Amino acid sequence: MGVDYSAAKKLIAHAKAHGMGRRVLMLGRNKLQVKDKHRGALDRQLSDAGFGQSFAEVEQTDGYAEAFFKALGAETVVSMDLSDYEGAEITHDLNDPVDAAHEGQFDLIYDGGTTEHIFDVARCMDNLNVLLADGGVLASCAPANNWFAHGFYQFGPELVYGYWKHGCGYDVLDCVMLPEMPRDKEMPIPDPAEAGVRPRVRGKVPNQRVYLWYEVRKGAGAHRYTRALQTDYVRKWSDHDKAQNRESEIVALREAHVAAAEEASQ
């Protein structure tokens with residue numbers, strides 16, 4: 001779990017564009033893991049974004065990343081982990097529902113390599129929804145390619161769009177295929193529901209480890225998880241129903257789940 005150069009660059013860009021929020025939760029206590037050869041580049045990233053500190057000034061002697069998040073504007077930075085072996089302030093297994101005392105407490109949650117290790121993905125993601133304050137952001141740097149045997153899962157963009165956007169009503173601020181090493185460029189990934197097809201990445205995935213980097217915001221239309229359906233299939237099913245001159249039962253079913261969730265939250 002950590003913040004390497006590629007993730008640090010994205011967090012700096014997020015803080016500049018959207019702010020960091022006062023209260024940040026790290027999933028696992030993340031370390032700042034920037035290689036010596038990238039320190040100068042990170043100094044430039046911080047300077048260009050208007051943050052006055054250099055990498056050396058945000059580097060903690062214990063290696064952890066709290067000072068980095070505070071340099072980007074956070075006031076309070078805490079971490080949650082199943083064990084306190086690295087000094088996490090909140091001990092909790094994300095396979096289980098989170099304590100009500102933590103509900104809506106965080107303006108930004110950073111997932112720097114935790115969610116792929118949680119077997120119950122649906123419960124884990126719902127927990128993150130519960131933990132976020134209204135307007136809060138989940139920023140995730142999750143394994144997407146060439147991370148075989150790293151955790152239970154390698155995630156794809158359908159998690160972002162099928163679950164967070166269409167399943168929970170979140171706003172997608174960013175969704176890219178992000179190479180671990182900066183020698184290759186990131187690749188934006190559009191919503192398959194709008195593009196009409198799955199992301200075409202053949203010949204575009206670099207021969208290195210790649211993250212799925214995404215940022216989703218708990219906006220006014222957000223709600224608890226209701227029904228997640230793969231977006232390109234929903235479009236195909238809907239188009240088929242339209243061709244048969246009938247209302248789309250799949251879309252109507254999902255809209256009914258959303259309406260029920262919104263009513264329950266009022």
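For the range 212-236, a residue qualifies if it is assigned to a helix (DSSP H, G or I) and crowded, with 16+ Cβ neighbours inside 10 Å, and the qualifying residues are THR231, ASP232, VAL234, ARG235. With respect to the conditions (1) at pLDDT below 95; (2) at positive phi, GLN53 falls short on a single one, namely (2). Under 7 Å by Cβ, and 6 or more places apart or on different chains, what pairs join a residue from the range 103-127 that is closer than 24 Å to LYS10 by Cα and not assigned by TED's automatic domain parsing to the domain that holds THR91 with one that is crowded, with 17+ Cβ neighbours inside 10 Å and hydrophobic (A, V, I, L, M, F, W, C)? Here the result reads none, with nothing in the range 103-127 linked to a residue that is crowded, with 17+ Cβ neighbours inside 10 Å and hydrophobic (A, V, I, L, M, F, W, C).
Counting only residues that are aromatic (Phe, Trp, Tyr) and exposed (fewer than 14 other Cβ atoms within 10 Å of the Cβ), how many does the range 70-109 have? The number of residues fulfilling the criteria is 1.
The set of residues in the range 18-34 being assigned to a loop (DSSP other than H, G, I, E, B) and touching a helix residue (DSSP H, G or I) at 6+ places or on another chain (Cβ under 7 Å) consists of MET20, VAL34. Consider the range 145-173 and keep the residues that are of a type in the set (A, V, I, L, M) and surrounded by fewer than 24 Cβ atoms within 10 Å (Cβ to Cβ). The one that is nearest to TYR225 (Cα to Cα) is LEU159. Here ARG22, ARG44 are screened, and the one residue that is closer than 22 Å to ASP107 by Cβ, assigned by TED's automatic domain parsing to the domain that holds GLU215 and basic (Lys, Arg) is ARG22.
Among residues of the range 78-101 that are of a type in the set (Val, Ile, Thr), those with a beta-carbon under 8 Å from a residue that is surrounded by fewer than 12 Cβ atoms within 10 Å (Cβ to Cβ) and not in a helix (DSSP H, G or I) at least six positions away or on a different chain give the pairs THR91/SER83.
The values are calculated or read from the model by the stated rules, or taken from the named source; none is laboratory data. Computed from a predicted structure; not experimentally measured. Cβ sites come from the backbone with ideal geometry, for glycine too, and all protein chains shown count toward neighbours.
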